[in-house]
Structures are given as structure tokens and as C-alpha cells.
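Data first, discussion second: the structure below is written as C-alpha cells.
Readers should treat all values here as calculations from the given coordinates under stated rules, not as data from a laboratory. Since the structure is predicted, the reported quantities are computational estimates derived from the model, not experimental observations. Here the Cβ positions follow ideal geometry from the backbone for every residue, glycine too, while neighbour counts run over all protein chains shown.
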Amino acid sequence: MSIRKMVNPGIEMVENNILVYVELPKTETEGGLVLDESTARAVQKDLCGHIVAVGPNVNNFTEGEKILLPPHGSTPVSWKGEVYHVFRETSLFAKIKADEQ
């Protein structure tokens with residue numbers, strides 16, 4: 001699913017939970033080498049995601065923002081063929097400015 005077309009899939013978050021669509025790592029290098037997913041994740045430097053939905057007690061993040069993600073601390077969930085990650089607001093630490101996207 002394209003990040004630009006990512007919309008809330010009909011999920012309403014509760015408390016301070018945030019639903020994030022994580023960008024998958026590139027599986028092909030600039031030189032044309034094809035990597036398996038685990039290798040691609042290992043060499044990926046910037047783990048980013050897009051906020052799809054936020055709970056009512058979230059104060060610092062809003063839907064549509066691109067964020068820098070910690071390497072651990074999420075709960076993966078699957079809904080309608082897509083995989084999302086649920087984070088608590090306190091486990092997220094950085095937004096990516098619009099001019100850096």
C-alpha cells in the first residue's frame with residue numbers, strides 16, 4: 001500500500017496507543033543487488049513510519065505524521081491484509097519535519 005494513500009483503515013485506537021504503518025526496507029541496493037527482507041532490515045539505517053490512527057489520550061502526535069521509530073517496543077497487528085504496529089505514545093521519540101520527508 002502506498003504511504004501517500006495510507007488512510008485510517010477503520011480502526012479506532014484507545015488510551016495512549018498509536019497505530020503506525022512502518023515503511024518496509026528497500027530490498028534492492030543502488031547497484032542492483034537483491035536482498036532478502038532480514039538482510040534489508042539489518043542494513044536499513046532509518047526506520048520510519050506513518051501514523052495512521054491515535055488514541056484519545058495521545059498529546060504529541062497526530063494522524064499523517066511521519067515519525068522515526070525505535071527498533072523495538074511495538075506490537076504488530078494485521079488488519080485487512082496490511083500489517084501495522086501499535087506503539088504507546090511514551091515509546092515514540094521523534095517526528096520527521098515535513099521538509100525532510
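Miscellaneous remarks
- Net charge, Ile18 excluded, C-beta distance under 15 Å - Lys, Arg +1, Asp, Glu -1: -2
- Difference of contour (0.36 nm per residue) and Cα-Cα distance, Glu28 to Ile96: 22.1 nm
- Set of segment 66-101 residues, backbone N closer than 16 Å to the point 7 Å along the Cα-Cβ line of Leu35: 71
- Backbone N atoms of segment 58-101 closer than 15 Å to the 7 Å Cα→Cβ label point of Asn8 belong to residues 58-59, 61-65.
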